[in-house]
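Here the structure comes first, spelled out in structure tokens, and everything after it is commentary.
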Amino acid sequence: PRLLPALPRPAWVVLSGDFVSAIGSGLTLPCLFIYAHQVRDLSYGTAGLVVATIALASLIGNPAGGAVADRWTPRRALMAGLVVAAAGSIALALAHTAAALFGAAGLLGLGVAVIWPAQDALLASLVGPADRSAVFSVRHASLNAGLGLGALGAAAVVSVPHPGTFVAVYLADAASFLAFLPVLAHLGSRARRGGERRPARHERTGYREVLRDKVFLRVWALAALI
């Protein structure tokens, strides 16, 4: 078997952009608690709540990302999520107060939560059914590799006595999100035929249909328990 699957070029383009974005996220995610507590002088509890705000924002962002991908097309929804996430990273770099940190973390979490379902929908549209397991395997492998590389880079760069190093990695994170935008904007004709196609009204599936799928509900419940 081949180490790398034979995927269409547009799929590799999207996966490459996601890898760069993952490196940026790896630069910042391990540092947020330290940044909030030791650099911006928040208490342990308040700094922990800032970190939790990213997860709480996903409760809004994930459903919104799916809905926006259905209405705007996955590629456009992904681009919108990247812009919001970049704005959140820039806001974190410039935040000095608890309120500013909470707002910035919520913005970052919202953007990232929109990115995930939109990108998954885009990748699914760029490959045939037989290649979907392969493209998602590569996507998660490259995501983990990017996060790991970014975390190693952050460990070599950030320093609590030098707050500017934290500002630098958050700005680099924002740049990694924005760098994905021209990649998406210049996808080839296959991406436009697949990712840009609006589903016809009769093809759309609502939440009622999803919640009536017993197999999906069992898998969802098992995943929640794990």
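The values are calculated or read from the model by the stated rules, or taken from the named source; none is laboratory data. Being a predicted model, the structure only gives us computed values, none of them experimental. For neighbour counting, all protein chains shown are included, and Cβ atoms are generated from backbone atoms with ideal geometry for every residue, glycine included. Keep in mind that these areas ignore ligands, DNA and RNA; they rest on the heavy atoms of the full protein, side chains included. Shrake-Rupley method; radii C 1.70, N 1.55, O 1.52, S 1.80 Å.
For this structure, a couple of remarks:
- The range 123-140 residues that are at positive phi and without any contact (Cβ under 8 Å) to a residue 40 or more places away in the chain, paired with ones that are buried (at least 18 other Cβ atoms within 10 Å of the Cβ) and not in a helix (DSSP H, G or I) (beta carbon under 8 Å, 6 or more apart): none
- For the range 31-41, the condition holds for no residue, the condition being that it is touching a Leu at 6+ places or on another chain (Cβ under 7 Å), among the polar types (S, T, N, Q) and in contact (Cβ under 8 Å) with a residue 12 or more places away in the chain.
- Top-ranked residue of the range 90-118 - restricted to ones that are of a type in the set (Gly, Ala, Ser) and more than 19 Å from ASN62 (Cβ to Cβ), ranked as most open to solvent (accessible area, probe 1.4 Å): ALA99
- For the range 8-58, a tally of residues being in a loop (DSSP other than H, G, I, E, B) and surrounded by 19 or more Cβ atoms within 10 Å (Cβ to Cβ) returns 2.
- If you go through the range 66-78 and keep only what is surrounded by 23 or more Cβ atoms within 10 Å (Cβ to Cβ) and touching a residue at least 60 places away in the same chain (Cβ under 8 Å), you end up with PRO74, ARG75, LEU78.
- Test for LEU149: is it open to solvent by 50 Å² or more (accessible area, probe 1.4 Å) and either modelled with pLDDT under 95 or more than 18 Å from ALA85 (Cβ to Cβ) (or both): yes
- Per-region count, the range 165-199, residues at pLDDT below 50, surrounded by fewer than 19 Cβ atoms within 10 Å (Cβ to Cβ) and small (Gly, Ala, Ser): 2
- Scanning the range 79-89 for residues that are open to solvent by 30 Å² or more (accessible area, probe 1.4 Å) and in contact (Cβ under 8 Å) with a residue 40 or more places away in the chain returns MET79, VAL83, ALA87.
- Residue in the range 119-131 that is surrounded by fewer than 14 Cβ atoms within 10 Å (Cβ to Cβ), of a type outside the set (Val, Ile, Thr) and assigned to a helix (DSSP H, G or I) present: yes
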